[in-house]
């Protein structure tokens, strides 16, 4: 290969793992990733699930090999607490937006309790017009900011828990929610207010869980960045790559089996008799392939074979479980 076509070495440190940031209000998820990447002087990182600028709480950031496990984190259960303010509809469906309509109605606790069951389970939800969903190739929020009328189709959403936690006053109510991926809390608040015969928007929102990550794992952003860029924060702050997959059953591999998988070979499950975890679904179920304490990747059980689905090449000690 000629000198002019030599592949450039990526800038920064080769880090693998998850950093769980406690995001403050007033900053977007992408900006958090940019600041963290710069502080850690990392080669590669991305986030595991967007938080609106208004929101606070868990923002998992994946470094290096962990970026390959982002889809599995985003598939996990999310837990939120939000404050719904009654009486005002806003164009963004949260307190950052402009008031577009008002209502004098304020629901009672009993009216709220009567409306909640319709929002549990598998529901259809219209996303906020200020969202990243694409309409004819354009982001909905770009169209909305440009003054265009944006109409979004309802989408399936799974709500596992939706409960009234407290009622500070007639104007506000605090809720706890547990949901699947792709559920908009702003839509949930907006639609509940309508179901109660009034209007409303989210005043505060906090995410407390993303898949296997909980508040106890989170480090405030200002604490991470306070140390400055020199020296960068310690890699010891990162959780192992496999932490993101803790809910997926583990399957122990020998080094020889690992080598064959890494070459893309499917292995017969006959060779794994007695080792396949009972919790694994034999029909297209996922397992977390482990060689000793080392995370190898994700494999699928398919027609009596162990088929590699997403293997991970890792470059550091924080990549092990």
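The values are calculated or read from the model by the stated rules, or taken from the named source; none is laboratory data. Note that the structure is predicted; figures quoted are calculated from it, not measured. Every residue, glycine as well, gets a Cβ built from its backbone with ideal geometry; the counts of neighbours run over all protein chains shown.
Table for the structure above
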quantity: When residues of the range 233-271 are limited to those that are touching a residue at least 60 places away in the same chain (Cβ under 8 Å) and surrounded by fewer than 17 Cβ atoms within 10 Å (Cβ to Cβ), the one farthest from residue 222 (Cα to Cα); calculated: 247
quantity: Output for the range 36-75, where each listed residue is closer than 15 Å to residue 13 by Cα and touching a residue at least 60 places away in the same chain (Cβ under 8 Å); calculated: 36, 38, 39, 40, 41, 62, 63, 64, 65, 66
quantity: Search result, residues across the range 121-155 that are closer than 23 Å to residue 178 by Cβ and at pLDDT below 80; calculated: 131, 132, 133
quantity: Wholly enclosed helices (runs of 4 or more DSSP H) of the range 14-118 bearing at least 3 residues closer than 19 Å to residue 131 by Cβ and under 22 Å from the mean Cα position of the chain (by Cα); calculated: 29-40
quantity: Verdict on residue 276 being in contact with a helix residue (DSSP H, G or I) (Cβ under 8 Å, 6 or more places away or on another chain) and buried (at least 20 other Cβ atoms within 10 Å of the Cβ); calculated: no
